[in-house]
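Read-outs throughout are calculated quantities, based only on the coordinates presented, and are distinct from any laboratory measurement. These numbers come from a predicted model, not from an experiment. Methodologically, a virtual Cβ is constructed for each residue, glycine included, from the backbone with ideal geometry; neighbour enumeration extends over all protein chains shown.
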Amino acid sequence: MLLLVLVGQGGGSEDPPYGGGGSQPKTKITFSFCAELNSTQKTNIKNAVQDAADLNCATYVVNMALANKPSLAIGICVDETLGNGTYNAATKSIVFSTDFASTHVEVIRHELFHAYQDNIAYSGGIGDYSLGEPGFSNIEFEQALFHDIMMLHGSSATALNHADPAVKLDYQAWINTLTSNGTEYPDFSANWSTFETKYFEFLEEFKNTSPYYNAPVIGTLEPEALKRVFNGGLQPDCEN
Amino acid sequence: MNIFLRLLTISTIANVVFCSISEAQEKFVQGLQTVDGKTFKVTFSKSFDIMSVDSRLPIYKDGYPQPQSPTPPLPIRSGDMEVDTVVDRNIFFDVLESKLDALNTNKEVVIINYVFDHDGNILDISSYGFPKNTLITPKELAMIDKRLRKEVKASFKGREYLEHPVIFYGREIRF
C-alpha cells in the first residue's frame, strides 16, 4: 500500500511559477497526528501543508478538496519508512521518514496528491496500485504530470528527465501545448481522447526510464485526478 | 577519359562536397550533423512543431547517472537552485545579433536542457528544442553551445541537490 516520493530534480524556466493560491482562504485538512509528535512538529507540518496549498491554484484545489471531504482525517507520522514520505491508502496516512522530510513542501505536496487520488478522484481508491504492483506507474506518472502541468512551462518538466532527448523535448512540447505555452491550465473536459493517447505514450516512457516506478502499466486506468482537477473550470489566476 | 572529362568530374565532386558542408552549416536536417567539430543529432517531432537537437557528449549517450539510493532522493526546493540566466540569454543574443528582429517576427522559442554537476558547472547540455522552421543555423548553435558550456554556471543551497548525481535544469529563451 505504499507510494513513494517522486524524483524531483532541478527545474527551470524563464518565467517562475506563480503563487496563485496565496490570497485564498486557508485550507484546513483534518489530520490525525501520531502520538509521538510534539506540538512543534505538528505546527511545522501544518505550516508546510499550507505552504503546499499556497504554491498555486492547482495545489490549492487539491488541498481544499481534502479539507472538505467529510469524515476524512489523514494520519501523519514521522517514522522509519521507504523514501522520504509514503502515503498508505489502507490507513489513509502519510509517514515521513524524518522531520526534515515532514516539512519539505514538495514532499508534502506529492503525498497529498496521492491522498487526493485515493480519497477524491478514484472511486475505488488507489490501494490496489501499491509499490511494484500493476498500476503503480500509472499513479506515479499522474502525480509527476500534475507537477509538470502546475509548473506551466515545458522547460520545467521533470518527469522524463532520463528519457532520450528527442522524447523529453516532445514531452516538454506537449506540456506547452496543454498549458497554451504556460498561460493557462488544460481543460480535460474537452479533447480527452487526444490527451489520453499521448498520456499513455509518455507513461510508458516514464515507466521505462524511472527505475523507482517501473511497474506494469494498466492501459485502462485513466488519470482520474487530473481529469478532476483540470476540468476546465480552473485557471492559474484561480478563477473557478 | 580525356583530361577535360577528368577535370569536370573532379570539379563536380568538389562542388557536391562543398555544397553538402555549406548546407550542413546553414540548415538543420534529420540525422547526424557535424559542425565545427561538434556533432548534433537532429530529430523532427512527428507530433509537435519542434525539432530536437541532441547535443550530449559521447560519454552520456547511454544516459546520465541515476541516484543509487533504494528510493528517490529529496527533490530540490524551489529557490535552492539559481542559474546564470542573464548569461545564457546574452550569449544567444550576442551570437544571433544580426537576426534578432527576424527571430522575434518568427516568434521563436528555444528550449535548453542543461545538466549540472554539484559545483554548478555544466556537465552537459542534453538537448536544444527549436521550432521546425527555426532561423538559427547549426553553425550558430555550435558557437552558442561552445560558449554556454564554458560560461553558464549554477549555484545551489540546501542539501537536497547533493542526493542527485546530476542536476537537470530546463530553460526557455524567447526572442
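Does the stretch A:80-124 come out rounded, prolate or oblate, given a ≥ b ≥ c as the square roots of the eigenvalues of its C-alpha gyration tensor, rounded meaning a/c under 1.5 and, failing that, prolate meaning a/b above b/c? Walk me through the numbers before you get to the answer.
Numbers: a/c = 3.31, a/b = 1.75, b/c = 1.89.
Oblate, since a/c reaches 1.5 and b/c is not below a/b.
Within 10 Å of each Cβ in A:151-161, how many Cβ atoms from other chains are there, averaged over the peptide?
Values: counts 2, 0, 4, 7, 11, 5, 4, 5, 0, 0, 10.
Counting Cβ atoms of other protein chains within 10 Å of each residue's Cβ and averaging gives 4.
With a/c under 1.5 counting as rounded, go ahead and sort the stretch A:58-150 into rounded, prolate or oblate using the C-alpha gyration tensor (a ≥ b ≥ c being the square roots of the eigenvalues; past the cut-off, prolate if a/b is larger than b/c, else oblate).
Numbers: a/c = 1.20, a/b = 1.11, b/c = 1.08.
Rounded, since a/c falls under 1.5.
What's the average, rounded to a whole number, of partner chain beta-carbon atoms within 10 Å of each residue's beta-carbon in A:99-109? Kindly include the intermediate steps, with their values, before the conclusion.
On the way: counts 0, 3, 1, 0, 0, 5, 3, 6, 3, 0, 1.
That average works out to 2.
Packing-wise, with mean Cβ within 10 Å as the measure, how do A:42-54, B:25-37 rank, highest first? Let's see the in-between values first.
Numbers: A:42-54: 18.9, B:25-37: 13.5.
Ranking, from highest mean packing down: A:42-54, B:25-37.
Not counting the cut sites, what is the longest span of chain A without GluC sites (Glu not before Pro) that DSSP labels loop and that have at most 14 other Cβ atoms within 10 Å?
Working: sites that count: A:E36, A:E80, A:E239.
Of all site-free stretches, the longest is A:81-238.
Helix A:192-209 versus the longest principal axis of chain A: what is the Cα-based angle in degrees, 0 to 90, to the nearest 10?
70 degrees
Checking the table A:K198/B:K46; A:K198/A:K227; A:K69/A:K207; B:K41/B:K139; A:K28/A:K69; B:K46/B:K146 against a 21 Å threshold on Cα-Cα, which pairs fail?
Details: A:K198/B:K46 12 Å; A:K198/A:K227 14 Å; A:K69/A:K207 31 Å; B:K41/B:K139 14 Å; A:K28/A:K69 11 Å; B:K46/B:K146 29 Å.
Beyond 21 Å: A:K69/A:K207; B:K46/B:K146.
Counting partner chain Cβ atoms within 10 Å of every residue's Cβ in A:212-224, what's the average?
1
Quickly work out the B:N121-to-B:L162 label distance, labels modelled 7 Å from Cα along the C-beta direction, and quote it in nm with one decimal.
Distance between the two pseudo-spin positions: 2.0 nm.
Starting from the Cα of A:K46, draw a straight line to each of the aspartates and glutamates and keep only those under 15 Å, dropping any in the same chain fewer than 8 residues away.
Qualifying aspartates and glutamates at Cα under 15 Å: A:D54, A:D99, A:E106, A:E111.
Show that you can apply the helix-only estimate: for chain B, add -39,500 (n - 2.57) for every DSSP H stretch of four or more residues, divide by all residues, and state [θ] at 222 nm to the nearest 500. Spell out each step's value before the answer.
Values: 4 runs with 55 residues, N = 175.
Rounded to the nearest 500, the figure is -10000 deg cm²/dmol.
So how far apart, in nm, are the two label points at A:S32 and B:E26 if each is 7 Å from Cα heading toward Cβ?
Here the modelled spin labels are 7.3 nm apart.
Any idea how far apart A:E201 and A:D79 come out in nm if each label point goes 7 Å out from Cα toward Cβ?
So the label points at A:E201 and A:D79 sit 4.4 nm apart.
Can you tell me the orientation of helix B:85-95 relative to chain B, as the angle in degrees between its alpha-carbon axis and the longest Cα principal axis, to the nearest 10?
10 degrees
Post the alpha-carbon centroid distance, the stretch B:153-175 to the stretch A:144-198, in whole angstrom.
Rounded to whole Å, the Cα centres lie 20 Å apart.
So which trypsin sites (Lys or Arg not before Pro) in the stretch B:86-175 are both in a DSSP loop and have at most 15 other Cβ atoms within 10 Å of their Cβ?
Working: sites: B:R89, B:K99, B:K107, B:K132, B:K139, B:K146, B:R147, B:R149, B:K150, B:K153, B:K157, B:R159, B:R171, B:R174; in loops: B:K107, B:K132, B:K157, B:R159.
Within the stretch B:86-175, the qualifying trypsin sites (Lys or Arg not before Pro) (loop, at most 15 other Cβ atoms within 10 Å) are B:K107, B:K132, B:K157, B:R159.
Starting from the Cα gyration tensor of the stretch A:152-208, take the square roots of the eigenvalues, sort them a ≥ b ≥ c, and report rounded, prolate or oblate (rounded when a/c is under 1.5, otherwise prolate if a/b is larger than b/c, else oblate).
oblate
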